[in-house]
Amino acid sequence: MTSPAQSGVNPDATTEARLRASSVSRASTAAAGAARPASAALTPEASGSVPSPSATATSAPTSSTRAQALARAALPLAVLMVLAYLPYVPTELPGILPGRVNGPGSLQLLATCLVMGGIALSYDVLFGRTGLLSFGHALFVAAGSYLLTISLSTWSLPLPVAVLLALAITGVLAVVVGGIALRVGGIAFAMVTLAFAQAASIVVLRNPGGVTGGEEGLTLEREALPSLLVGVANAPYRYWLALAFVTVAWLVVSLLVRSRAGHAMAAVRENETRASVLGLGTYRVKLLAIVIGSLLGCLGGIVHALVLGGSNPHLTTSEFTLALLVMVVLGGAGSTWGALIGGFLYAYADARLVEVSGSSLLESLPHTIGQVLSQPLFILGIIFIVVVYFAPSGLTGLGGRLIRKGRST
Amino acid sequence: MSDFVLLATTGLALGALYFLAASGLSLIYGLMGVLNFAHGAFMMVGAYAGWLTMTDLPPSLSVGVRLLVAAVVAVALGAAVGVVVEVVLIRPLYRHHIQQVLVTVGLSLASVAAAQGIWGADPRPVEKPDWMSGTTSLLGARLPTDRFVYVVAALAVLAGLLALLRLTRLGLIIRAGVENRTMVQALGIDVQRTFTIVFAIGGAAAALAGILYAQYAGSVSPAQGGSLLIFAFIVVVIGGMGSIVGTAVAAVAVGLVQQLANYYAASGVGDLSVVLLLALVLLLRPTSLKGATA
């Protein structure tokens, strides 16, 4: 390997290795230290110039690689199984969830949080993985949501066709909008995507021909849905649907990150000039990231509509994109866990912080301060600023750092 | 014809408001590379400071005098908020552009939420001086007088900014900084101080935009700043990011296109055609956005 190429690959190789090391270290605590030797073997390599997982595989003994892969898969699988089992848990968690865990209220809340986690993951493909600061991601999520509801009600299409149609139209939209917006870079790209999303938001709010329902939003056509997804009693199925979406998003992003395209995205994120000098078609790489992120976001919008029983114009607003940005940064940009946890926690906090407004703690404070603190967005905004300053790698990055620190002492 | 004159005047007035909002944004971006999402919060500060001042001043004063005092208070407060934001939030993150944007995003979310908590999400009516709510006859059209006030205010700010940039030493430093910040620093000039001043100017102009937009809308609400901000962003991009004259031209173009299309096509088409204009500019002249002279 020549030295410029090496230095070109190195930054993303080290971040990659660091991410992997942190995910392994977290997995190993869960698997009772079974994978500890593997993570110890990986750490010295992180400082070397190992550019890809395949290279790691050849240099490390096969048995530890297998244990490593197993440990890496163990934690997500365990989490998935626990989450999938939740609709069978009848216990109450007062203060954390409304009513029983398997009650419709709790499951609906959890499903919404999961969908938000998945949508945050789709935004992270652009922001955390490729370094594209897009303010227009809401456009694609809303496209999924609205295209589904519209094709079910106005065009009365069957559900599978509606889903495919929504994905197809969103894909075309992503190519067009991304193709135009990518003509400029950096901050200008952010503004252009914002403008497009805003245009969509205006269209939806103006309610052309009574199709989008304006400020009221649109409710799903119940007759067009399978009966399993309708009604309060079927909340567990909607919850599992949300869980399935998150799993799909997780798998797509995990596979993407390990693929050649994922490595190219990381290279663009770390140093775009260097990546283009090395001969990567950076425009195509970025457009691919936008299309994949948008399709995942569209799927998220579809599931969001199914879980919540309709489309809400809030999904189209720039505030929603800003919320996605907050979720990703809060959890940790460029990390699968980070975006997921960030999205989940944000949606949870947004829904539950309203409860705090009635608490006795706030009533003891002066009236004005209590009113300000009762705004979820105020608290989230302040937390967000604090995270940007003091934990640039987000909450998961902070957690990983603490775990490593605890082990080294 | 009279319809057209009325629409053109309103478009011009809207463009004037966009210019007030975008001029600070454009200067801040040109000099520091910061996309300031908190600019909407600055506008909100101006609007609410103006509203509170007008309601707190004794009603024996005429509305016009109260509005004038309110404007002075709003501009001063906007400048102060701009300075505080720059010193406390932006400066520690110097050279981390994305983080700077993120911090301003957090600030805008928190400040809008705070205003919503204190004064509620609903619009609050704002008093308007009698002479501003009247009409003036021009070219056979009866034009609302307040439109001229916005245009005059924007022209004054434009003239002031141009004089500052072209005639003073500070303006020389700002123009040089927009062109090549590193070189200016290498010559031993304190650019940091200019950053603070530019933020103060931006905050003041935004606060003025906020209080005038509240007059235009007849009310103040927490979401006002954000909706104005989006068009200000579009104006900044079309105007060439960092150029004051470009911003002025773009603001007028955006205001006119929006008003005329909204009337002659259909309501809402104007807002869309503005985005279309942006896409056209990007496709035809992408190089104009990569930097400009102030």
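The values are calculated or read from the model by the stated rules, or taken from the named source; none is laboratory data. Keep in mind it's a predicted model, so treat the numbers as computed, not measured. Quick reminder, even Gly has a Cβ in these numbers, built from the backbone with ideal geometry, and neighbours come from all protein chains shown. Just the protein is used for accessible areas: all its heavy atoms, side chains included, with ligands, DNA and RNA removed. Shrake-Rupley method; radii C 1.70, N 1.55, O 1.52, S 1.80 Å.
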Need one number: the % of Cα-Cα pairs in the range B:36-91 sitting beyond the 14 Å mark. 54 percent
Tail weight of P(r) past 37 Å, computed on alpha-carbon pairs of chain B, percent: 12 percent
Counting only heavy atoms of protein chains, what accessible area per residue, in Å², does the protein assembly as shown have with a probe of 1.4 Å? 41 Å²
Report, as a whole number in µm² per second, the diffusion coefficient that Stokes-Einstein gives for the protein assembly as shown at 20 °C and 1.002 mPa s using the Kirkwood radius over alpha carbon pairs. 79 µm²/s
With no solvent and one point on each alpha carbon, what is the Debye value of log10 I(q)/I(0) for the range A:266-409 at q = 0.08, 0.09, 0.11 Å⁻¹? -0.33, -0.41, -0.60
Could you please state how large a percent of the accessible area of the protein assembly as shown is carbon and sulfur, counting protein chains only and using a 1.4 Å probe? 68 percent
Running a GNM on chain B with Cα contacts under 10 Å, which residue among B:Met183, B:Met32, B:Met43 ends up with the highest mean-square fluctuation? B:Met183
Rh (Kirkwood, all Cα-Cα pairs) for the range A:104-408, Å, reads 20.0 Å
Can you give me the long-range amide H partners of A:Gly310? Hydrogens built in the peptide plane at 1.01 Å from N, cutoff under 5 Å, separation of 5 or more residues or another chain. A:Leu220
Using amide H atoms built 1.01 Å from N in the peptide plane, name the residues 5+ places from B:Leu143, or on other chains, whose amide H lies under 5 Å from its own. B:Thr136, B:Ser137, B:Leu138
Solvent-accessible surface (1.4 angstrom probe) belonging to B:Asp190, in square angstrom, nearest 10: 90 Å²
If N is the residue count of the range A:64-107, its Cα Rg over 2.2 N^0.38 Å rounds to 1.62
Net charge of neighbours whose Cβ lies under 11 Å from the Cβ of B:Gln100, counting Lys and Arg as +1 and Asp and Glu as -1: +1
Across 5 Å bins from 0, what is the distribution of all Cα-Cα pair distances for the range B:152-294, in whole percents? 2, 8, 15, 19, 19, 16, 11, 6, 3, 1, 0, 0
Residues whose modelled amide H sits under 5 Å from the amide H of B:Val220, counting only those 5 or more places away in sequence or on another chain, are B:Arg124, B:Val126
Rh (Kirkwood; distinct C-alpha pairs) - the range B:200-276, Å: 13.3 Å
Under Karplus coefficients 6.51, -1.76 and 1.60, residue-wise ³J(HN,Hα) of the range B:93-103 in Hz, glycine/proline x: 9, 3, 6, 9, 4, 4, 4, 4, 4, 4, 5
About its Cα centre, what dipole magnitude does the protein assembly as shown give when the only charges are +1 on Lys and Arg Cβ and -1 on Asp and Glu Cβ, stated in debye to the nearest 20? 1960 debye
Summing -39500 (n - 2.57) over the DSSP H runs of n ≥ 4 in the protein assembly as shown and dividing by its residue number, what mean residue ellipticity at 222 nm do you reach, to the nearest 500 deg cm²/dmol? -24500 deg cm²/dmol
Nearest 100 Å², what total accessible surface is buried between chain A and chain B (probe 1.4 Å)? 3500 Å²
